[in-house]
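The values are calculated or read from the model by the stated rules, or taken from the named source; none is laboratory data. This is a predicted model, so every value here is computed, not measured. Because the Cβ atoms are built from the backbone with ideal geometry, glycine has one as well, and the counts that use them run over all protein chains shown.
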Amino acid sequence: MYFLLTYKLVPDYMMRREAFRDVHLKLALSAVDRGELVLGGPLTEPCDQALLLFQGNSSQVAENFAKQDPYVLNGLVENWQVRSWSIVLGAGLSPHSFTL
């Protein structure tokens, strides 16, 4: 199952993130190594949201990430949400592995 973690970023996110970026990336890379985080990053122009795609048995994997993320803990994220994402097509997926 896939889960999309969406962050609404504060207006001065780009200026403030440097202080917490190393710890954030370490947390993210650990999630990648465990096979939980598939991809992630901020949207640009404007940089007002970030999206992180997780894979796991439940939404808890994405929720746990957000609850530990220094960007969340230090106020760079105004709010966040996790939603289940029913992926139908994509690279590496068998065309017979989905349902419409």
- Query: Does Trp85 satisfy the criteria of being modelled with pLDDT under 95 and within 22 Å of Ala28 (Cα to Cα)?
  - Reply: yes
- Would you mind stating whether Tyr7 is over 17 Å from Val82 (Cβ atoms), surrounded by 13 or more Cβ atoms within 10 Å (Cβ to Cβ) and modelled with pLDDT of 95 or more? no
- Residue by residue through the stretch 33-78, note down the ones that are closer than 20 Å to Tyr2 by Cα, touching a Lys or Arg at 6+ places or on another chain (Cβ under 9 Å) and among the polar types (S, T, N, Q). Gln49, Ser59
- Please work out if Asp69 is modelled with pLDDT of 95 or more, of a type in the set (D, E, K, R), surrounded by fewer than 17 Cβ atoms within 10 Å (Cβ to Cβ) and out of contact with any Pro (no Cβ under 6 Å at 6 or more places or on another chain). no
- Task: Working only within the stretch 59-80, note down all residues that are part of a helix (DSSP H, G or I) and not hydrophobic (A, V, I, L, M, F, W, C).
- Result: Gln60, Glu63, Asn64, Lys67, Gln68, Pro70, Tyr71
- Hits in the stretch 23-43 - residues which are more than 14 Å from the chain's Cα centre (by Cα) and within 12 Å of Tyr71 (Cβ to Cβ): Val23
- Note on the structure: Among residues of the stretch 1-28 being of a type in the set (Phe, Trp, Tyr) and not in a helix (DSSP H, G or I), the residue nearest to Gly90 (Cα to Cα) is Tyr2
- Counting only residues that are among the β-branched types (Val, Ile, Thr) and in contact (Cβ under 8 Å) with a residue 40 or more places away in the chain, which one in the stretch 10-61 is surrounded by the most Cβ atoms within 10 Å (Cβ to Cβ)? Val61
- Note on the structure: Filtering the stretch 29-48 down to residues that are under 21 Å from Gly90 (Cβ atoms) and either among the small types (Gly, Ala, Ser) or assigned to a strand (DSSP E or B) (or both) yields Ala31, Gly35, Leu37, Val38, Leu39, Gly40, Gly41
